[in-house]
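Taking it in order: structure first as structure tokens, then the write-up.
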Amino acid sequence: MTKDRLIGMQVIDSDGNDAGTVRDIAFTVGKMGMTLIMETKKGETREIPWDGIQAAGDYILLNPRAAQAQTGQPQAFGPQTITQQPQQSQTPTCPICGGPLTYIQQYQRWYCYKDKKYV
């Protein structure tokens, strides 16, 4: 995925809420990995380490650890904690159609059956 495609992309937290918009990509010399620079709905700038991203496609989906770092609150679900189907109240919704997402353990990704694609 190119930088040009990422910039301006919507960022969704692990609960399916709009977290902000990608403003830039950065890296630190001497360190592995990249950082996503995101502008929140409140106009604040946040840095998300690349390992804090669960998926990137039509939008960026943060993994629960990145969402926890943003809010300071632990998240109740995600690829590192899920062992069974999450309760309906904890299941994130698709930011495109609003339908429930299903966590596919084999691929460690959330899937929307209505849109027939991973988020």
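Descriptive notes on the structure:
- Taken over the stretch 45-55, the criterion of being in contact with a strand residue (DSSP E or B) (Cβ under 9 Å, 6 or more places away or on another chain) and either within 28 Å of T102 (Cα to Cα) or exposed (fewer than 10 other Cβ atoms within 10 Å of the Cβ) (or both) is satisfied by R46, E47, I48, P49, W50, G52, I53, Q54, A55.
- Qualifying residues in the stretch 1-45 (those that are of a type in the set (S, T, N, Q) and in a strand (DSSP E or B)) - the one nearest to the chain's Cα centre (by Cα): Q10
- Residue check, T28 surrounded by 14 or more Cβ atoms within 10 Å (Cβ to Cβ) and among the hydroxyl-bearing types (S, T, Y): no
- Some residue of the stretch 73-83 being within 22 Å of R109 (Cβ to Cβ), of a type in the set (S, T, N, Q), at pLDDT 85 or above and more than 13 Å from the chain's Cα centre (by Cα): no
The values are calculated or read from the model by the stated rules, or taken from the named source; none is laboratory data. Since the structure is predicted, the reported quantities are computational estimates derived from the model, not experimental observations. No Cβ is skipped: glycine too gets one built from the backbone with ideal geometry, and neighbour counts run over all protein chains shown.
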